[in-house]
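Below is one structure, written out as structure tokens; the observations come after it.
The values are calculated or read from the model by the stated rules, or taken from the named source; none is laboratory data. Computed from a predicted structure; not experimentally measured. Note: ideal-geometry Cβ built from the backbone for every residue, glycine included; neighbour counts use all protein chains shown. To get the accessible areas, we keep the full protein, side chains included, count just its heavy atoms, and leave off ligands, DNA and RNA. Shrake-Rupley method; radii C 1.70, N 1.55, O 1.52, S 1.80 Å.
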Amino acid sequence: MTVKDCDHHHHHDCERRRLFRRIACTIFTVVLLIGLVIFLIWAILRPSKPRLILQDVTVFSLNISSMPPAAISTTMQITISSHNPNTRIGVYYQLMDVYAAYRGQQVTLPTLLPPTYQGHNDVTVWSPFLYGEAVPVAPEFAEALNQDNNVGAMLFNIKVNGQVRWKVGSWISGRYRLNANCPAYIKFGDPKHGIAFGPAMKFQFVQGCYVDI
């Protein structure tokens, strides 16, 4: 349809189409500009990963069986704090599992942490319980487990696996995988290294975890 035809026959339809085109172009341009601004803010701010600290581990029970197959039974409560070091970026924590490992092998069931939003420079503290009942240890670690038991000291690794999302203004990023490893050297053979709470022993650490995102 030519402009002449438009003018003589369908003037209003053509004007309407032109208006729709202008509106669509304007909306597209605005969305593009908003996306560009968010990308620039993201590139400039570059979020720093959360800083996790293992505060303490309270051991309620720890039983080691050296008879084949070697096994570990334990009940413990841990306290982990997470600090968001970003001054302009919030953090959403989702699907966060915590468990204890011995020589790389999981020895407690995973405990799910509640979904959490963390504002700028905020600190969040979690205190989950971890349980493991007669968890078999791989045969190649049986001798090392027996030695650790005789010495009265074991190196556990508290593992935190989950997802984080960043929040800048009203914009929320996609999901990023978070993996944290918190070493916990438990000296149950020497009461001086722990604080007795009835039958339980509390071991204080206040040491940083290795965080990977």
Only one of (1) surrounded by 15 or more Cβ atoms within 10 Å (Cβ to Cβ); (2) on the phi < 0 side of the Ramachandran plot does not apply to Arg103, and that is (2)
When every residue in the stretch 130-147 that is in contact (Cβ under 8 Å) with a residue 60 or more places away in the chain and open to solvent by less than 40 Å² (accessible area, probe 1.4 Å) is compared, the one farthest from Val91 (Cα to Cα) is Ala142
Residue match in the stretch 32-52 (condition: of a type in the set (S, T, N, Q), open to solvent by 40 Å² or more (accessible area, probe 1.4 Å) and either part of a strand (DSSP E or B) or without any contact (Cβ under 8 Å) to a residue 24 or more places away in the chain (or both)) = no
Met154 meets each of (1) touching a residue at least 24 places away in the same chain (Cβ under 8 Å); (2) surrounded by fewer than 17 Cβ atoms within 10 Å (Cβ to Cβ); (3) over 19 Å from Asp212 (Cα atoms) with one exception, condition (2)
Pairs returned, first residue in the stretch 75-97 that is within 17 Å of Asn181 (Cα to Cα), second residue that is in a strand (DSSP E or B) and acidic (Asp, Glu), beta-carbon separation under 9 angstrom, 6 or more apart or interchain, are Gln77/Asp56; Ile78/Asp56; Thr79/Asp56
Next item on the list: For the stretch 11-29, state whether one or more residues are under 17 Å from Ala100 (Cα atoms) and modelled with pLDDT of 80 or more.
Entry: no
Restricting attention to the stretch 60-78, the residues that are open to solvent by less than 20 Å² (accessible area, probe 1.4 Å) and within 16 Å of Arg103 (Cβ to Cβ) number exactly 4
Of (1) of a type outside the set (Ser, Thr, Tyr); (2) assigned to a loop (DSSP other than H, G, I, E, B); (3) at pLDDT 90 or above, Gly189 fails just (3)
- Yes or no: Val123 hydrophobic (A, V, I, L, M, F, W, C) and touching a His at 6+ places or on another chain (Cβ under 9 Å)? yes
Considering residues that are modelled with pLDDT of 95 or more and small (Gly, Ala, Ser), the number found within the stretch 69-91 is 2
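May I ask you to say which residue of Leu113, Leu109 is modelled with pLDDT of 95 or more and within 16 Å of Asn157 (Cβ to Cβ)?
Leu109
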Selection over the stretch 136-164 where residues are more than 21 Å from Ala180 (Cβ to Cβ) and not in a loop (DSSP other than H, G, I, E, B) yields a count of 14
query: Are any of the residues in the stretch 96-114 out of contact with any Leu (no Cβ under 9 Å at 6 or more places or on another chain), within 19 Å of Ile213 (Cα to Cα), part of a strand (DSSP E or B) and small (Gly, Ala, Ser)?
result: no
